[in-house]
Amino acid sequence: MHNLKQLSNKEKKLLIKKIELQYGISSLKIDFLFFKNNDNKIYVINKEFRELNSEKLNISVLGMYFAKFDRELRLTTEGCQLLGKFVKKNILELNEEQSNEWLQGHDLEGLNFKDVDETFIILKNNEDYIGCGKHTKNKILNYVPKERRIK
């Protein structure tokens, strides 16, 4: 926990503005505390955490890994699931076969990209938000961690 730093109000506003612009969300209200580690990974935690006396706790992990934010914003699968219902743009619906290919760790090619920008986009299948990938040159680069891939 020692390498986590709570985002300042300015940093939090910048992050929320980036989310709003990238995903077409208007007036996003996220009622969490945001922390960033040395690798620019963003973690969210319930605000009630402030009420705990954390000095007496043996904490090895804090919050939920939400996104990575340095030059670009890449949501984690959990970040996609948290924001998915608010997203208005840069979201791509996959069929069952494409979803399975994605969850196996493969990049996706040959899809209809007319409604998405060349940025990190959210992928979904029916009502399930299954991750975030980088749309570039008619393909989506896969960021599903190896330990989460299906066989």
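The values are calculated or read from the model by the stated rules, or taken from the named source; none is laboratory data. Everything quoted here is computed from the prediction, not taken from an experiment. Cβ sites come from the backbone with ideal geometry, for glycine too, and all protein chains shown count toward neighbours.
Note on the stretch 1-44: residues that are over 12 Å from Leu62 (Cα atoms), among the hydrophobic types (A, V, I, L, M, F, W, C) and free of Cβ contacts under 8 Å to residues at least 60 places away in the same chain total 8. Exactly one residue out of Leu21, Leu14, Leu28, Leu33 is outside the structural domain of Cys132 (by TED's automatic domain parsing), over 23 Å from Asn90 (Cα atoms) and surrounded by 12 or more Cβ atoms within 10 Å (Cβ to Cβ), and it is Leu33.
Right, Thr77: hydroxyl-bearing (Ser, Thr, Tyr) and surrounded by fewer than 18 Cβ atoms within 10 Å (Cβ to Cβ) or not?
No.
Just to verify a result, which residue in the stretch 119-141, among those that are among the basic types (Lys, Arg) and farther than 16 Å from Gly24 by Cβ, is nearest to the chain's Cα centre (by Cα)?
The extreme case among them is Lys134.
For the stretch 119-146, a residue qualifies if it is of a type in the set (D, E, K, R) and closer than 18 Å to Thr76 by Cα, and the qualifying residues are Lys124, Glu127, Asp128, Lys134, Lys146.
Go over the candidates Leu57, Leu83 one by one and state the one that is at pLDDT 90 or above and either over 25 Å from Asp128 (Cβ atoms) or of a type outside the set (S, T, N, Q) (or both).
Details: Leu57 fails: at pLDDT 90 or above.
The conditions single out Leu83.
Just checking, how many residues over the stretch 80-100 are surrounded by fewer than 16 Cβ atoms within 10 Å (Cβ to Cβ) and in a helix (DSSP H, G or I)?
4
Considering only residues in the stretch 107-143 that are of a type in the set (S, T, N, Q) and outside any loop (DSSP other than H, G, I, E, B), the one that is modelled with the highest pLDDT turns out to be Asn125.
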